[in-house]
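Colleague: Following this message is one structure expressed as structure tokens.
The values are calculated or read from the model by the stated rules, or taken from the named source; none is laboratory data. Computed from a predicted structure; not experimentally measured. Cβ placement follows ideal geometry from the backbone for every residue including glycine, while neighbour counts extend to all protein chains displayed.
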Amino acid sequence: MFLLEQVLSQLEIELSISSTELLTIASSFQKHMEQGLSECNSSLKMFPSYLQAPNGCEVGTFLALDFGGSNARGAVVKLEGEGTFQEINRLSRPLLDPDSGRDYRAPDVTAEELFDFLAGILQEVFTNFLTQNPTLKSITPRPLPLGFAFSFPYRQRTIREGFLLNWNKEVKTSGVVGKDVGSLLSAALERRGLSSIIKPTAIINDTVTTFLTAAYQDHSVDIASIIGTGHNTCYLETKAPGFDSPVIVNTESGNFSDAPETTYDLILDQQSNNPGEQRFEKKLSGKYLGELFRQIVLGFSHQGLLGTLNNPPAPALWNQPYSISGKVLSLILTEEHSHSSLAAGDEYVALQRIAYLLTKRSARLMAASLIGVVRHLDPDLNHPHTVAIDGSLYKGMPGYAQELWAALNEGFGSKANLVTVKLSAGGSLTGAAIAAAITSCRKPSYTASE
Ligand code: GLC
């Protein structure tokens, strides 16, 4: 036990982010933001979203589609103004079809097949909507505007297009990288005879949908973050080069490259599908926390420190990459060790401590990046700021939100009360509909330079 305790203390040192490091990472993040905005070499892509903040008065009926990982979802969204909305005819489909075993994320799937699958979801949502509202058939004078939440790194020149730079979150579908996902979706809608009925008007990242949904209800929101399977942050930039009014900028913070790295991080990165990329996300998000945990536990076990892990059926679990999800980590943190089938007694307490250290590091790194964003917007912190957050770690990982708030308080010191953090309720579909509303109802207000 003594040796286990020593090794755990060493791990605690490796994974800890001190108060000084918190501020150093924050100022490096701020520097990368500023370099990215001026198109200098930076790990932050700083993509303008071509969207301004909503004013809460957007109203009407819109279609929304959301694809950002393992599930795709569609819905009709009724925006009722004054921050109220309803999602109806909501439909969710896994990218891995449980009946046929077809995985639309696999490299042997073509872009056409993936987008036909997505257009199929929209067709089903729209058909259900018409069945329930038969009178609409004859009175709908123009196609329904569609907002498409697409949560991967893409470059835009207008709100309607998005050229995929690279896949992440283990999606590998062929023929999409380098292409405009707006055109791919329009072509798939055309193949289904839907192009006169559904009109894609906006492509949006999920951090931007989080921003829009939260800001629709609360105009003080100026930053939004996702911490779930992936991680990313956007904010309202008042001085984006080439834009004459404030625009929401997607930082693609998951790719930030300047955070302390342990041997475990290096190994995970090297064994991943995209070595060298998304290194911040690989330390923070649910997709990777379970895998870091598995590698650390396996390392301990190989040193003879965690013997009961060798009891069946544990070896199969521990030897399989990505077999431990963020959800399993949450359970480990909540479950009484006496009820656990993973390990016994003191060893289970050790597992909980490893899970806690990884969770705490994630929350502190996320806080550091948010401090960087606030400092960029308001160097002396003279004004109030509201950060809207969505994602399974913030909502469900025991202790996560508390560690994040504590680190923000530590970073902002006596001015911490100027920064409010709130859960963004609503999600991507509503945000996508708000984007469709902004783009289809208002005159374009941007004159972006090429
Ligand atoms: C990944 C994507 C990013 C997305 C985030 C959360 O980091 O690159 O676009 O916002 O995951 O889903």
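Colleague: Need at least 3 residues that are of a type outside the set (A, V, I, L, M) and modelled with pLDDT of 95 or more per element, so show me which helices (runs of 4 or more DSSP H) inside the stretch 128-243 make the cut, counting only ones lying wholly within it.
Modeller: Working: elements: 136-139, 181-191, 206-217.
In the stretch 128-243, 181-191, 206-217 are the helices (runs of 4 or more DSSP H) which contain 3 or more residues that are of a type outside the set (A, V, I, L, M) and modelled with pLDDT of 95 or more.
Colleague: Scanning the stretch 58-79 for residues that are surrounded by fewer than 21 Cβ atoms within 10 Å (Cβ to Cβ) and within 20 Å of Thr210 (Cβ to Cβ), which turns out nearest to the ligand (Cβ to nearest atom)?
Modeller: So the residue we want is Gly69.
Colleague: Name the one entry in Arg142, Arg160, Arg155 that is over 27 Å from the mean Cα position of the chain (by Cα) and basic (Lys, Arg).
Modeller: Selected residue: Arg142, the only one of Arg142, Arg160, Arg155 that is over 27 Å from the mean Cα position of the chain (by Cα) and basic (Lys, Arg).
Colleague: When you look at Ala53, is it small (Gly, Ala, Ser), in a loop (DSSP other than H, G, I, E, B) and surrounded by 15 or more Cβ atoms within 10 Å (Cβ to Cβ), yes or no?
Modeller: Yes.
Colleague: Still on this structure, I have one more. Can you tell me which condition Lys172 does not meet? The list is (1) within 13 Å of the ligand (Cβ to nearest atom); (2) in contact (Cβ under 8 Å) with a residue 40 or more places away in the chain, and all the others hold.
Modeller: Result: Lys172 fails condition (1) only.
Colleague: Kindly indicate which of Lys282, Lys287, Lys327 is at pLDDT below 95, within 16 Å of the ligand (Cβ to nearest atom), within 31 Å of the chain's Cα centre (by Cα) and not small (Gly, Ala, Ser).
Modeller: Being at pLDDT below 95, within 16 Å of the ligand (Cβ to nearest atom), within 31 Å of the chain's Cα centre (by Cα) and not small (Gly, Ala, Ser) holds for just one of Lys282, Lys287, Lys327, which is Lys287.
Colleague: Select from the stretch 175-211 the residues that are without any contact (Cβ under 8 Å) to a residue 24 or more places away in the chain and not hydroxyl-bearing (Ser, Thr, Tyr) and write down the one among them that is nearest to the ligand (Cβ to nearest atom).
Modeller: Val177
Colleague: Just to be sure, is Thr262 more than 23 Å from Arg105 (Cβ to Cβ), within 10 Å of the ligand (Cβ to nearest atom) and either touching a helix residue (DSSP H, G or I) at 6+ places or on another chain (Cβ under 8 Å) or modelled with pLDDT of 95 or more (or both)?
Modeller: Values: more than 23 Å from Arg105 (Cβ to Cβ): yes; within 10 Å of the ligand (Cβ to nearest atom): no; either touching a helix residue (DSSP H, G or I) at 6+ places or on another chain (Cβ under 8 Å) or modelled with pLDDT of 95 or more (or both): yes.
Answer is no for this residue.
Colleague: Turning to a different aspect of this structure: Quick one: in the stretch 253-272, which of the residues that are under 18 Å from the mean Cα position of the chain (by Cα) and either in a loop (DSSP other than H, G, I, E, B) or of a type in the set (Asp, Glu) (or both) is nearest to Tyr154 (Cα to Cα)? Step through it out loud before you land on a result.
Modeller: If we filter the stretch 253-272 for residues that are under 18 Å from the mean Cα position of the chain (by Cα), which is where we start, we get 253-257.
With the extra rule that they be either in a loop (DSSP other than H, G, I, E, B) or of a type in the set (Asp, Glu) (or both), the set shrinks to 256-257.
Numbers: Phe256: 16, Ser257: 19 Å.
Here the residue is Phe256.
Colleague: Would you be able to say whether some residue in the stretch 325-335 is in contact with a Pro (Cβ under 8 Å, 6 or more places away or on another chain), of a type in the set (Val, Ile, Thr) and assigned to a helix (DSSP H, G or I)?
Modeller: yes
Colleague: Among residues belonging to the stretch 216-238 that are over 16 Å from Tyr50 (Cβ atoms) and more than 13 Å from the ligand (Cβ to nearest atom), point out the one that is surrounded by the most Cβ atoms within 10 Å (Cβ to Cβ).
Modeller: Applying the filter and picking the extreme gives Tyr216.
Colleague: Okay, next question. Please identify the pairs in which a residue from the stretch 115-140 that is over 24 Å from Asp97 (Cα atoms) has its Cβ atom under 7 Å from the Cβ atom of a residue that is modelled with pLDDT of 75 or more, counting only partners at least 6 apart or on another chain.
Modeller: Leu136/Leu130; Lys137/Leu130
Colleague: Something else now. Gln270 passes all but one of (1) touching an Asp or Glu at 6+ places or on another chain (Cβ under 7 Å); (2) surrounded by fewer than 24 Cβ atoms within 10 Å (Cβ to Cβ); which number fails?
Modeller: Unmet condition: (1).
Colleague: Out of Thr210, Thr201, I need the residue that is buried (at least 22 other Cβ atoms within 10 Å of the Cβ), of a type in the set (Ser, Thr, Tyr), out of contact with any Asp or Glu (no Cβ under 9 Å at 6 or more places or on another chain) and closer than 18 Å to Val77 by Cβ. Which one?
Modeller: Testing whether each residue is buried (at least 22 other Cβ atoms within 10 Å of the Cβ), of a type in the set (Ser, Thr, Tyr), out of contact with any Asp or Glu (no Cβ under 9 Å at 6 or more places or on another chain) and closer than 18 Å to Val77 by Cβ leaves just Thr201.
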